[in-house]
Amino acid sequence: MCLNLSKYLMRTVAVDLGTVNTLIAVKGKGIVLREPSAAAVAAGSNREPLAFGREALQLVGRTPGGIHVVYPLRDGVVSDYNVAADMLRFFIEQALGRKVSAMGIRLVLCLPLCVTDVERRALAEAAKEAGAREVLLLDEPLASAVGAGLPVFEPTGSMAVDIGGGTTDAAVIAFGGIAASASIRTGGTHIDGAIREHVQKAHGLLIGERMAEEAKIRLGSALPGGAEQLEVKGRNLESGLPAGVSLTAAEVTHAMAAEIRKIVEAVKEALAQTPPELAGDLYTNGIMLTGGGAKIRGLDKLLSHETGMPVSVGADPLDCAVLGALSMLEREESFVSVRDTLEAQG
Ligand code: ADP
Ligand code: MG
(Lines give C-alpha, C1' and ligand atoms only; values in the text may rest on other atoms or scores of the structure.)
(Ligands and ions follow the chains in the order given, each with its own letter.)
Protein backbone atom coordinates (compact mmCIF):
# COMPACT_ATOMS: atom_id res chain seq x y z
CA MET A 1 0.00 0.00 0.00
CA CYS A 2 2.81 2.38 0.94
CA LEU A 3 4.61 1.68 -2.30
CA ASN A 4 1.48 2.34 -4.33
CA LEU A 5 0.80 5.52 -2.41
CA SER A 6 4.20 6.93 -3.31
CA LYS A 7 3.04 6.80 -6.93
CA TYR A 8 0.71 9.70 -6.36
CA LEU A 9 3.49 11.83 -4.96
CA MET A 10 5.71 11.27 -7.97
CA ARG A 11 5.58 13.69 -10.86
CA THR A 12 4.05 12.35 -14.03
CA VAL A 13 6.07 13.19 -17.11
CA ALA A 14 5.84 12.27 -20.80
CA VAL A 15 8.73 12.48 -23.27
CA ASP A 16 8.36 12.23 -27.05
CA LEU A 17 11.87 11.50 -28.27
CA GLY A 18 11.41 12.19 -31.96
CA THR A 19 13.97 11.99 -34.74
CA VAL A 20 13.83 15.78 -35.23
CA ASN A 21 12.05 17.19 -32.16
CA THR A 22 11.90 16.25 -28.49
CA LEU A 23 8.86 17.33 -26.48
CA ILE A 24 8.31 16.98 -22.73
CA ALA A 25 4.95 17.38 -21.01
CA VAL A 26 4.23 17.39 -17.27
CA LYS A 27 0.93 16.52 -15.65
CA GLY A 28 -0.91 19.71 -14.69
CA LYS A 29 1.43 21.92 -16.72
CA GLY A 30 1.23 20.70 -20.31
CA ILE A 31 4.18 20.96 -22.69
CA VAL A 32 7.25 22.37 -20.91
CA LEU A 33 10.00 21.67 -23.44
CA ARG A 34 10.34 21.66 -27.23
CA GLU A 35 13.85 21.24 -28.57
CA PRO A 36 15.47 19.87 -31.70
CA SER A 37 16.75 16.30 -31.00
CA ALA A 38 20.24 17.49 -31.81
CA ALA A 39 23.65 17.51 -30.14
CA ALA A 40 26.83 19.41 -31.01
CA VAL A 41 29.83 17.13 -31.03
CA ALA A 42 33.50 18.05 -31.46
CA ALA A 43 34.97 16.34 -34.51
CA GLY A 44 37.56 13.67 -33.83
CA SER A 45 36.89 13.67 -30.09
CA ASN A 46 35.42 10.83 -28.08
CA ARG A 47 32.09 12.28 -29.20
CA GLU A 48 31.47 14.01 -25.91
CA PRO A 49 28.52 16.31 -26.68
CA LEU A 50 29.16 20.02 -26.11
CA ALA A 51 25.58 21.24 -26.27
CA PHE A 52 22.07 20.00 -27.02
CA GLY A 53 18.95 21.23 -28.78
CA ARG A 54 18.72 24.80 -30.09
CA GLU A 55 21.96 25.68 -28.38
CA ALA A 56 23.72 22.92 -30.33
CA LEU A 57 22.41 24.25 -33.65
CA GLN A 58 23.52 27.79 -32.78
CA LEU A 59 26.95 26.67 -31.67
CA VAL A 60 27.61 25.04 -35.00
CA GLY A 61 26.70 28.15 -36.95
CA ARG A 62 29.02 30.34 -34.90
CA THR A 63 32.03 28.16 -34.20
CA PRO A 64 34.85 27.80 -36.72
CA GLY A 65 35.01 24.16 -37.87
CA GLY A 66 35.65 21.19 -35.70
CA ILE A 67 32.09 20.92 -34.39
CA HIS A 68 29.21 19.19 -36.09
CA VAL A 69 25.59 18.49 -35.35
CA VAL A 70 24.39 14.96 -34.63
CA TYR A 71 20.74 14.00 -34.69
CA PRO A 72 21.19 10.73 -32.81
CA LEU A 73 17.73 9.36 -33.58
CA ARG A 74 17.39 10.52 -37.14
CA ASP A 75 16.46 7.93 -39.75
CA GLY A 76 14.91 6.00 -36.91
CA VAL A 77 18.19 4.40 -35.84
CA VAL A 78 19.62 5.40 -32.53
CA SER A 79 22.81 5.88 -34.47
CA ASP A 80 24.65 6.97 -31.43
CA TYR A 81 23.13 5.79 -28.26
CA ASN A 82 25.53 7.48 -25.91
CA VAL A 83 24.72 10.81 -27.47
CA ALA A 84 20.98 9.99 -27.48
CA ALA A 85 21.11 8.97 -23.83
CA ASP A 86 23.06 12.10 -22.81
CA MET A 87 20.62 14.26 -24.75
CA LEU A 88 17.61 12.63 -23.11
CA ARG A 89 19.11 13.09 -19.64
CA PHE A 90 19.90 16.72 -20.42
CA PHE A 91 16.38 17.52 -21.65
CA ILE A 92 14.71 15.86 -18.67
CA GLU A 93 16.92 17.80 -16.26
CA GLN A 94 16.31 21.00 -18.18
CA ALA A 95 12.54 20.53 -18.18
CA LEU A 96 12.21 19.50 -14.54
CA GLY A 97 15.09 21.26 -12.86
CA ARG A 98 18.32 19.59 -11.92
CA LYS A 99 17.09 18.57 -8.50
CA VAL A 100 14.31 16.18 -9.30
CA SER A 101 11.95 15.90 -6.35
CA ALA A 102 12.90 13.36 -3.71
CA MET A 103 9.86 11.31 -4.67
CA GLY A 104 11.19 11.04 -8.24
CA ILE A 105 9.22 10.98 -11.43
CA ARG A 106 7.10 8.48 -13.34
CA LEU A 107 7.98 8.83 -16.95
CA VAL A 108 6.52 7.58 -20.19
CA LEU A 109 8.93 7.56 -23.10
CA CYS A 110 7.41 7.51 -26.51
CA LEU A 111 9.60 6.11 -29.32
CA PRO A 112 9.14 5.43 -33.05
CA LEU A 113 8.27 1.79 -33.90
CA CYS A 114 11.63 1.04 -35.50
CA VAL A 115 13.78 1.69 -32.41
CA THR A 116 15.17 -1.73 -31.45
CA ASP A 117 14.73 -3.42 -28.07
CA VAL A 118 18.38 -2.94 -27.16
CA GLU A 119 18.12 0.77 -27.99
CA ARG A 120 14.88 1.06 -26.01
CA ARG A 121 16.51 -0.40 -22.94
CA ALA A 122 19.47 1.96 -23.21
CA LEU A 123 17.15 4.97 -23.45
CA ALA A 124 14.99 3.81 -20.56
CA GLU A 125 18.16 3.48 -18.53
CA ALA A 126 19.16 7.05 -19.40
CA ALA A 127 15.74 8.30 -18.25
CA LYS A 128 16.26 6.51 -14.94
CA GLU A 129 19.65 8.12 -14.51
CA ALA A 130 17.92 11.49 -14.96
CA GLY A 131 15.72 10.75 -11.95
CA ALA A 132 12.84 8.68 -13.31
CA ARG A 133 11.83 6.12 -10.71
CA GLU A 134 9.68 4.28 -13.20
CA VAL A 135 9.87 4.31 -17.01
CA LEU A 136 7.13 3.10 -19.31
CA LEU A 137 7.81 2.73 -23.02
CA LEU A 138 5.13 3.53 -25.52
CA ASP A 139 4.91 3.17 -29.29
CA GLU A 140 4.62 6.54 -30.94
CA PRO A 141 1.62 5.79 -33.20
CA LEU A 142 -0.41 4.65 -30.21
CA ALA A 143 0.47 7.81 -28.27
CA SER A 144 -0.26 9.98 -31.32
CA ALA A 145 -3.62 8.28 -31.81
CA VAL A 146 -4.61 9.01 -28.21
CA GLY A 147 -3.37 12.59 -28.54
CA ALA A 148 -5.37 13.08 -31.73
CA GLY A 149 -8.52 11.84 -30.03
CA LEU A 150 -9.01 8.52 -31.85
CA PRO A 151 -11.17 5.91 -30.06
CA VAL A 152 -8.05 3.90 -29.15
CA PHE A 153 -9.48 1.90 -26.25
CA GLU A 154 -12.75 1.05 -27.90
CA PRO A 155 -13.64 -2.14 -29.75
CA THR A 156 -13.50 -0.36 -33.08
CA GLY A 157 -10.65 0.08 -35.54
CA SER A 158 -9.11 3.42 -36.41
CA MET A 159 -5.89 4.41 -38.10
CA ALA A 160 -3.12 6.82 -37.14
CA VAL A 161 -0.35 7.77 -39.53
CA ASP A 162 2.51 9.60 -37.84
CA ILE A 163 4.84 11.33 -40.30
CA GLY A 164 7.90 12.49 -38.41
CA GLY A 165 11.28 13.74 -39.53
CA GLY A 166 12.94 10.39 -40.16
CA THR A 167 10.16 7.81 -39.92
CA THR A 168 6.58 7.29 -40.96
CA ASP A 169 4.50 4.90 -38.86
CA ALA A 170 1.07 3.82 -40.06
CA ALA A 171 -0.91 1.86 -37.48
CA VAL A 172 -4.38 0.40 -37.23
CA ILE A 173 -5.49 0.61 -33.63
CA ALA A 174 -8.24 -1.14 -31.66
CA PHE A 175 -8.76 -2.31 -28.05
CA GLY A 176 -5.82 -0.17 -26.88
CA GLY A 177 -3.27 -1.91 -29.10
CA ILE A 178 -1.79 -1.97 -32.59
CA ALA A 179 -3.57 -4.47 -34.85
CA ALA A 180 -1.59 -3.82 -38.03
CA SER A 181 1.25 -1.49 -38.88
CA ALA A 182 3.88 -0.43 -41.37
CA SER A 183 6.94 1.58 -40.46
CA ILE A 184 9.25 3.10 -43.04
CA ARG A 185 12.29 5.29 -42.95
CA THR A 186 11.01 8.31 -44.72
CA GLY A 187 9.70 11.59 -43.41
CA GLY A 188 10.30 15.31 -43.41
CA THR A 189 14.10 15.17 -43.54
CA HIS A 190 14.04 12.75 -46.48
CA ILE A 191 11.75 15.13 -48.32
CA ASP A 192 14.17 18.00 -47.55
CA GLY A 193 16.98 15.80 -48.92
CA ALA A 194 15.06 15.17 -52.16
CA ILE A 195 14.55 18.93 -52.60
CA ARG A 196 18.26 19.60 -52.05
CA GLU A 197 19.14 16.96 -54.59
CA HIS A 198 16.77 18.47 -57.14
CA VAL A 199 18.20 21.98 -56.67
CA GLN A 200 21.70 20.58 -57.05
CA LYS A 201 20.88 18.69 -60.25
CA ALA A 202 18.59 21.21 -61.91
CA HIS A 203 20.31 24.45 -60.88
CA GLY A 204 23.87 23.47 -59.93
CA LEU A 205 23.26 25.00 -56.51
CA LEU A 206 24.10 23.46 -53.16
CA ILE A 207 21.57 24.58 -50.51
CA GLY A 208 21.52 23.89 -46.78
CA GLU A 209 19.08 21.58 -44.99
CA ARG A 210 17.17 24.44 -43.44
CA MET A 211 16.76 26.22 -46.78
CA ALA A 212 15.33 23.01 -48.26
CA GLU A 213 12.96 22.66 -45.30
CA GLU A 214 11.76 26.21 -45.82
CA ALA A 215 11.11 25.53 -49.51
CA LYS A 216 9.13 22.42 -48.52
CA ILE A 217 7.01 24.29 -45.99
CA ARG A 218 6.42 27.38 -48.15
CA LEU A 219 6.04 25.78 -51.59
CA GLY A 220 5.68 22.03 -51.23
CA SER A 221 2.52 20.00 -51.67
CA ALA A 222 1.47 16.39 -52.12
CA LEU A 223 -0.70 17.49 -55.04
CA PRO A 224 0.28 19.61 -58.03
CA GLY A 225 -1.18 23.08 -58.47
CA GLY A 226 0.72 25.72 -56.46
CA ALA A 227 1.99 28.81 -58.28
CA GLU A 228 4.20 30.46 -55.63
CA GLN A 229 7.94 30.98 -55.94
CA LEU A 230 10.76 31.29 -53.43
CA GLU A 231 14.30 32.62 -53.79
CA VAL A 232 16.72 30.08 -52.29
CA LYS A 233 20.37 30.80 -51.61
CA GLY A 234 23.35 28.51 -51.54
CA ARG A 235 26.69 27.87 -53.20
CA ASN A 236 27.11 27.52 -56.94
CA LEU A 237 28.77 24.16 -57.51
CA GLU A 238 30.81 25.33 -60.50
CA SER A 239 32.09 28.70 -59.30
CA GLY A 240 32.04 27.90 -55.60
CA LEU A 241 30.49 31.32 -55.03
CA PRO A 242 27.30 32.24 -53.14
CA ALA A 243 24.34 32.26 -55.51
CA GLY A 244 20.54 32.20 -55.53
CA VAL A 245 17.79 30.78 -57.67
CA SER A 246 14.03 31.18 -57.79
CA LEU A 247 12.30 27.86 -57.08
CA THR A 248 8.73 27.23 -58.22
CA ALA A 249 6.07 25.36 -56.27
CA ALA A 250 5.72 22.98 -59.23
CA GLU A 251 9.35 21.84 -59.14
CA VAL A 252 9.41 21.45 -55.34
CA THR A 253 6.21 19.41 -55.46
CA HIS A 254 7.69 17.27 -58.23
CA ALA A 255 10.93 16.75 -56.24
CA MET A 256 8.93 15.60 -53.21
CA ALA A 257 6.77 13.15 -55.11
CA ALA A 258 8.86 9.98 -54.71
CA GLU A 259 9.01 10.29 -50.89
CA ILE A 260 5.29 11.13 -50.73
CA ARG A 261 4.62 7.99 -52.78
CA LYS A 262 6.48 5.90 -50.16
CA ILE A 263 4.20 7.33 -47.46
CA VAL A 264 1.12 6.42 -49.50
CA GLU A 265 2.46 2.88 -50.02
CA ALA A 266 3.13 2.45 -46.28
CA VAL A 267 -0.46 3.41 -45.51
CA LYS A 268 -1.70 0.93 -48.10
CA GLU A 269 0.54 -1.79 -46.68
CA ALA A 270 -0.88 -1.30 -43.18
CA LEU A 271 -4.39 -1.40 -44.65
CA ALA A 272 -3.59 -4.63 -46.49
CA GLN A 273 -2.60 -6.26 -43.20
CA THR A 274 -5.71 -5.11 -41.38
CA PRO A 275 -7.99 -7.92 -40.16
CA PRO A 276 -11.25 -7.75 -42.14
CA GLU A 277 -13.39 -7.26 -39.03
CA LEU A 278 -11.55 -3.98 -38.34
CA ALA A 279 -11.18 -2.84 -41.95
CA GLY A 280 -14.85 -1.88 -42.14
CA ASP A 281 -14.51 0.40 -39.11
CA LEU A 282 -11.83 2.40 -40.87
CA TYR A 283 -14.33 3.62 -43.46
CA THR A 284 -16.32 5.28 -40.70
CA ASN A 285 -13.51 6.27 -38.30
CA GLY A 286 -11.11 7.26 -41.05
CA ILE A 287 -7.38 7.92 -41.02
CA MET A 288 -5.77 10.53 -38.75
CA LEU A 289 -2.49 12.19 -39.74
CA THR A 290 -0.09 13.32 -36.99
CA GLY A 291 3.54 14.47 -36.72
CA GLY A 292 5.08 17.41 -38.58
CA GLY A 293 4.56 15.73 -41.96
CA ALA A 294 0.79 15.84 -41.43
CA LYS A 295 1.08 19.52 -42.32
CA ILE A 296 2.26 18.81 -45.86
CA ARG A 297 -0.28 20.53 -48.06
CA GLY A 298 -2.67 18.22 -49.88
CA LEU A 299 -1.43 15.03 -48.21
CA ASP A 300 -4.81 14.39 -46.62
CA LYS A 301 -6.58 14.78 -49.97
CA LEU A 302 -4.07 12.54 -51.75
CA LEU A 303 -4.37 9.79 -49.13
CA SER A 304 -8.13 10.00 -49.18
CA HIS A 305 -8.11 9.70 -52.97
CA GLU A 306 -5.73 6.73 -52.88
CA THR A 307 -7.48 4.77 -50.12
CA GLY A 308 -11.10 5.84 -50.52
CA MET A 309 -11.25 6.68 -46.80
CA PRO A 310 -11.88 9.90 -44.95
CA VAL A 311 -8.56 11.44 -43.85
CA SER A 312 -8.11 14.21 -41.31
CA VAL A 313 -5.19 16.10 -39.78
CA GLY A 314 -4.83 16.14 -35.99
CA ALA A 315 -5.11 19.52 -34.27
CA ASP A 316 -1.50 20.56 -33.51
CA PRO A 317 -0.08 17.41 -35.12
CA LEU A 318 3.42 17.94 -33.66
CA ASP A 319 2.02 17.79 -30.11
CA CYS A 320 -0.19 14.69 -30.46
CA ALA A 321 2.37 12.09 -29.35
CA VAL A 322 3.56 13.77 -26.15
CA LEU A 323 0.07 14.78 -25.05
CA GLY A 324 -1.31 11.33 -25.88
CA ALA A 325 1.51 9.67 -23.92
CA LEU A 326 0.81 11.86 -20.90
CA SER A 327 -2.88 11.08 -20.99
CA MET A 328 -2.15 7.34 -21.26
CA LEU A 329 0.02 7.52 -18.16
CA GLU A 330 -2.74 9.36 -16.32
CA ARG A 331 -5.22 6.79 -17.48
CA GLU A 332 -2.99 4.03 -16.15
CA GLU A 333 -2.83 5.90 -12.85
CA SER A 334 -6.58 5.94 -12.65
CA PHE A 335 -6.55 2.14 -13.09
CA VAL A 336 -3.98 1.91 -10.33
CA SER A 337 -6.16 3.98 -8.04
CA VAL A 338 -9.10 1.65 -8.65
CA ARG A 339 -6.83 -1.29 -7.84
CA ASP A 340 -5.58 0.43 -4.67
CA THR A 341 -9.09 1.10 -3.49
CA LEU A 342 -9.98 -2.53 -3.98
CA GLU A 343 -6.84 -3.64 -2.15
CA ALA A 344 -7.56 -1.24 0.69
CA GLN A 345 -11.10 -2.56 1.01
CA GLY A 346 -9.44 -5.90 1.12
P1 ADP B 1 9.81 13.67 -35.15
O2 ADP B 1 8.67 13.17 -34.30
O3 ADP B 1 10.42 12.62 -36.00
O4 ADP B 1 10.81 14.42 -34.34
P5 ADP B 1 8.04 15.79 -35.97
O6 ADP B 1 6.72 15.15 -35.86
O7 ADP B 1 8.44 16.73 -34.91
O8 ADP B 1 9.18 14.71 -36.20
O9 ADP B 1 8.07 16.53 -37.40
C10 ADP B 1 9.21 17.17 -37.86
C11 ADP B 1 9.13 17.29 -39.37
O12 ADP B 1 7.92 17.97 -39.73
C13 ADP B 1 10.28 18.11 -39.93
O14 ADP B 1 10.88 17.38 -41.01
C15 ADP B 1 9.59 19.37 -40.44
O16 ADP B 1 10.22 19.90 -41.60
C17 ADP B 1 8.20 18.88 -40.76
N18 ADP B 1 7.22 19.97 -40.76
C19 ADP B 1 6.92 20.83 -39.76
N20 ADP B 1 6.00 21.73 -40.16
C21 ADP B 1 5.72 21.45 -41.46
C22 ADP B 1 4.85 22.03 -42.45
N23 ADP B 1 4.09 23.10 -42.19
N24 ADP B 1 4.81 21.46 -43.69
C25 ADP B 1 5.57 20.39 -43.97
N26 ADP B 1 6.40 19.80 -43.09
C27 ADP B 1 6.48 20.32 -41.85
MG1 MG C 1 7.28 12.18 -33.66
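Which residue pairs have Cβ atoms under 9 Å apart, sit 6 or more places apart or on different chains, and have a first residue in the range 205-216 that is touching a residue at least 40 places away in the same chain (Cβ under 8 Å) and a second that is open to solvent by 40 Å² or more (accessible area, probe 1.4 Å)?
Within 9 Å, the pairs are Leu205/Lys233; Leu205/Arg235; Leu205/Asn236; Leu205/Leu237; Leu205/Gly244.
Mind listing just one residue for me: the one in the range 143-172 that is farther than 16 Å from Ser312 by Cβ and within 12 Å of ligand 2 (Cβ to nearest atom) and, of those, surrounded by the fewest Cβ atoms within 10 Å (Cβ to Cβ)?
Gly166
Restricting to the range 248-302, count the residues that are within 11 Å of ligand 1 (Cβ to nearest atom), among the aliphatic types (A, V, I, L, M) and open to solvent by 10 Å² or more (accessible area, probe 1.4 Å).
Final tally of qualifying residues: 1.
Going through the range 200-222 one residue at a time, which ones are within 16 Å of ligand 1 (Cβ to nearest atom) and more than 30 Å from Asp139 (Cβ to Cβ)?
The answer is Ile207, Gly208, Met211, Glu214, Ala215, Arg218, Leu219.
Determine whether Ala124 is outside any strand (DSSP E or B), open to solvent by less than 10 Å² (accessible area, probe 1.4 Å) and at pLDDT 90 or above.
So Ala124 does not fit the description; no.
Tell me, which residue of the range 227-247 that is part of a strand (DSSP E or B) and of a type in the set (D, E, K, R) is surrounded by the most Cβ atoms within 10 Å (Cβ to Cβ)? Even if it seems obvious, please write down each step before you answer.
Our first condition is that a residue be part of a strand (DSSP E or B); within the range 227-247, this holds for 229-236, 242-247.
Narrowing the set further to residues that are of a type in the set (D, E, K, R) leaves 231, 233, 235.
On the way: Glu231: 9, Lys233: 12, Arg235: 15.
Filtering the range 227-247 for residues that are part of a strand (DSSP E or B) and of a type in the set (D, E, K, R), the one surrounded by the most Cβ atoms within 10 Å (Cβ to Cβ) comes out as Arg235.
Quick one: His190 ticks every box in (1) more than 12 Å from ligand 1 (Cβ to nearest atom); (2) surrounded by 19 or more Cβ atoms within 10 Å (Cβ to Cβ) except a single one, so which number is it?
That leaves (1) as the condition not met.
Within the range 208-226, restricting attention to residues that are in contact with a strand residue (DSSP E or B) (Cβ under 9 Å, 6 or more places away or on another chain) and assigned to a loop (DSSP other than H, G, I, E, B), which residue is nearest to Ala294 (Cα to Cα)? I'd like the intermediate steps shown before the answer.
Residues of the range 208-226 that are in contact with a strand residue (DSSP E or B) (Cβ under 9 Å, 6 or more places away or on another chain), as a first pass: 208, 211-212, 214-215, 218-219, 226.
Checking which are assigned to a loop (DSSP other than H, G, I, E, B) leaves us with 208, 226.
On the way: Gly208: 23, Gly226: 18 Å.
Applying the filter and picking the extreme gives Gly226.
Could you run through the range 9-20 and say how many residues are crowded, with 24+ Cβ neighbours inside 10 Å and not aliphatic (A, V, I, L, M)? Steps first, please.
In the first step, residues of the range 9-20 are kept if they are crowded, with 24+ Cβ neighbours inside 10 Å; the result is 13-19.
Narrowing the set further to residues that are not aliphatic (A, V, I, L, M) leaves 16, 18-19.
Within the range 9-20, residues that are crowded, with 24+ Cβ neighbours inside 10 Å and not aliphatic (A, V, I, L, M) number 3.
What are the residues in the range 103-117 that are modelled with pLDDT under 85 and either surrounded by 24 or more Cβ atoms within 10 Å (Cβ to Cβ) or touching a helix residue (DSSP H, G or I) at 6+ places or on another chain (Cβ under 9 Å) (or both), if any? Outline the logic, then answer.
Of the residues in the range 103-117, the ones modelled with pLDDT under 85 are 103-104, 112-116.
Passing the criteria: Met103, Gly104, Pro112, Leu113, Cys114, Val115.
Please work out if Leu138 is touching a residue at least 40 places away in the same chain (Cβ under 8 Å), farther than 30 Å from Ala212 by Cα and within 13 Å of ligand 2 (Cβ to nearest atom).
Details: touching a residue at least 40 places away in the same chain (Cβ under 8 Å): yes; farther than 30 Å from Ala212 by Cα: yes; within 13 Å of ligand 2 (Cβ to nearest atom): yes.
Yes: the conditions hold for Leu138.
Filter the range 173-207 down to residues that are out of contact with any strand residue (DSSP E or B) (no Cβ under 7 Å at 6 or more places or on another chain) and not in a helix (DSSP H, G or I) and give me whichever is nearest to ligand 2 (Cβ to nearest atom).
Arg185
Which residues, taken from the range 153-172, are more than 20 Å from Val15 (Cα to Cα) and not in a strand (DSSP E or B)?
Passing the criteria: Phe153, Glu154, Pro155, Thr156, Gly157.
The values are calculated or read from the model by the stated rules, or taken from the named source; none is laboratory data. Predicted, not measured: the structure shown is a model, and the values here were computed from it. Cβ sites come from the backbone with ideal geometry, for glycine too, and all protein chains shown count toward neighbours. Remember, those area values only see protein heavy atoms, side chains included, never the ligands or the DNA or RNA. Shrake-Rupley method; radii C 1.70, N 1.55, O 1.52, S 1.80 Å.
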